[in-house]
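Okay, so here's the structure we're looking at.
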Amino acid sequence: MKILSFILGTIMGSFYLVLATRLPKGEDIVKSRSRCDNCKYVLKWYNLVPILSFIFQRGKCTKCGKKISSEHFFVEIFTGLLFLLTSIYFPLGYNYFVGLIVVSLMIIIFISDFKYMIILDSPLIVSIILVVILKLIYFDFKTMLYSVISGLILFLVMLLIEKLGTLILKKDSLGGGDIKFAFLMGLILDLKLGIVALVLSTFLALPYALASVKVMKKHEFPYGPFLAGSLFIVFFHFDKFTNLINFLFTI
Ligand SMILES: [Zn+2]
């Protein structure tokens, strides 16, 4: 189970990298074959085996010998490890499948938001559909409905923050992708933990925000990775955060 999860992760990681780097540039991911960036050699199946191809080719193109970006290698390994982690944390079931969705979103958003400042719609839509189906399979319609309403509330909270931010700062404060992602956070975590995750994301983002303003002199920075990271932390420590909420509500 653990080995299978790792292997599945490396394969999916390879796909996520393609998705997160080609879609923002408007390239077709189904029709366009993977090619060497340098000589345009169309990669064969044995050039596309996650991790192994990179090692056996010593990180070079088999045709022209040009160095291949080690990005592929690291994204594949990292996704494999996160899938493995999910299988260590959760037994096969609802939490395991949603855990895989959470880490997948995190990988895709880290790449696309840091690189292109964009959160793609398609992974969000696919995730929402999958989570709703999983809730219906493992729980019931009422549970699913409560989660959808939680998602809508978080969506509206983020929308309100964005509108206020835009009013005060006189420029766009949050991206549309961030607001849509908040829906997914509520859908997965439900209302209380969803709010906890939103608050946590601001703490996670603060050091990076300060660094990008003070050091890099930028006035824009991607917020998606911190939302996704926060969702990951809260979902994987569900019990601890639930205890924390219960504690806060009793005092
Ligand atoms: Zn080449």
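Values in this text are rule-based calculations from the coordinates and carry no lab data. Fair warning: this is a prediction, and the values are worked out from it, not measured in the lab. Heads up, the Cβs are rebuilt from the backbone with ideal geometry, glycines too, and the neighbour counts pull from every protein chain shown.
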Mind checking the angle between helix 141-169 and the chain's longest principal axis? C-alpha axes, 0 to 90 degrees, to the nearest 10. 90 degrees
Under 15 Å, Cβ to Cβ, from Leu8 - net charge with Lys/Arg +1 and Asp/Glu -1: 0
For Lys60, enumerate residues with amide H under 5 Å from its amide H, sequence gap 5+ or separate chain, H modeled in the peptide plane. Ile68
Ignoring the sites themselves, what is the longest stretch of the chain with no GluC sites (Glu not before Pro) in a DSSP loop and at most 16 other beta-carbon atoms within 10 Å? 28-219
How about Lys192: which aspartates and glutamates have a C-alpha closer than 19 Å to its C-alpha, ignoring those fewer than 8 places off in the same chain? Asp178, Asp239
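Give a quick list of trypsin sites (Lys or Arg not before Pro) in region 123-191 that DSSP marks as loop, anything other than H, G, I, E or B, with at most 13 other Cβ atoms within 10 Å. Kindly include the intermediate steps, with their values, before the conclusion.
Numbers: sites: Lys135, Lys142, Lys163, Lys170, Lys171, Lys180; in loops: Lys170, Lys171.
Answer in residue order: Lys170, Lys171.
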Members of Lys2/Lys67; Lys40/Lys67; Lys63/Lys115 lying beyond 23 Å, as alpha-carbon distances in this model show: Lys2/Lys67; Lys63/Lys115
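Go ahead and run the numbers for FRET between Ile168 and Ser212, Cβ-Cβ distance against an R0 of 25 Å, rounding to 0.05.
Numbers: r = 19 Å, r/R0 = 0.77.
Working from the Cβ atoms, E equals 0.85.
How large is the convex hull of the Cα atoms of region 80-134 per residue, expressed in Å³ as a whole number? Write down the numbers at each step before the final one.
Details: hull volume 3.6 nm³, N = 55.
Normalising the Cα hull of region 80-134 by residue number yields 66 Å³.
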His219, His72, His237 arranged by Cβ crowding within 10 Å, fewest neighbours leading: His219, His237, His72
Taking loop as defined by DSSP and a crowding limit of 13 other beta carbons within 10 Å, which trypsin sites (Lys or Arg not before Pro) in region 18-82 fit? Lys31, Arg33, Lys40, Lys44, Arg58, Lys66
Please list log₁₀ I(q)/I(0) at q = 0.16, 0.18 Å⁻¹ for region 23-161, using the Debye equation with identical point scatterers on the alpha-carbon positions. -1.04, -1.19
Relative counts (whole %) of C-alpha pair distances in the chain, using bins that are 5 Å wide: 1, 6, 11, 15, 17, 15, 13, 10, 6, 3, 1, 0, 0, 0
Helix 2-22: angle to the longest alpha-carbon principal axis of the chain, degrees 0 to 90, nearest 10? 90 degrees
Placing each pseudo-label 7 Å from Cα in the direction of the beta carbon, Val49 and Lys2 end up separated by a distance in nanometres of 2.4 nm
Could you state the angle between the C-alpha long axis of helix 94-116 and the longest principal axis of the C-alpha atoms of the chain, as a value from 0 to 90 degrees rounded to the nearest 10? 70 degrees
Label Cys39 and Phe203 with points 7 Å out from Cα along Cα→Cβ: what is the distance between them in nm? 5.3 nm
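Within a 10 angstrom radius of the beta carbon, how do Val132, Val98, Val215 rank from fewest other beta carbons to most?
On the way: Val132 16, Val98 22, Val215 8.
The order, fewest Cβ neighbours first, is Val215, Val132, Val98.
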Mind sorting Ile77, Ile29 by how few other Cβ atoms lie within 10 Å of their own Cβ, fewest first? Ile29, Ile77
Modelled label-to-label distance, Asp121 and Leu156, 7 Å Cα→beta-carbon offset: nm? 2.3 nm
Quick check on region 1-89: take the gyration tensor over C-alpha atoms, sort the square-rooted eigenvalues as a ≥ b ≥ c, and tell me if it's rounded (a/c under 1.5), prolate or oblate. oblate
If only Cα atoms are counted, what is the Rg of region 110-251, and what is its Dmax, in Å? 15.8, 50
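Compute the signed sum of charges (Lys and Arg +1, Asp and Glu -1) over the other residues within less than 15 Å, Cβ to Cβ, of Phe247. Present the calculation step by step, with values, prior to reporting the outcome.
Details: positive: Lys192, Lys240; negative: Asp239.
Summing Lys/Arg as +1 and Asp/Glu as -1 gives +1.
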Length gained if Phe238 through Phe74 is fully extended, taking 0.36 nm per residue and subtracting the Cα-Cα distance, is 56.2 nm
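Taking 0.36 nm per intervening residue step and subtracting the Cα-Cα distance, what contour gain separates Tyr138 from Thr250 on full extension? Intermediate values should be presented prior to the final figure.
Details: separation 112, 0.36 × 112 = 40.32 nm, distance 3.00 nm.
That works out to 37.3 nm of additional length.
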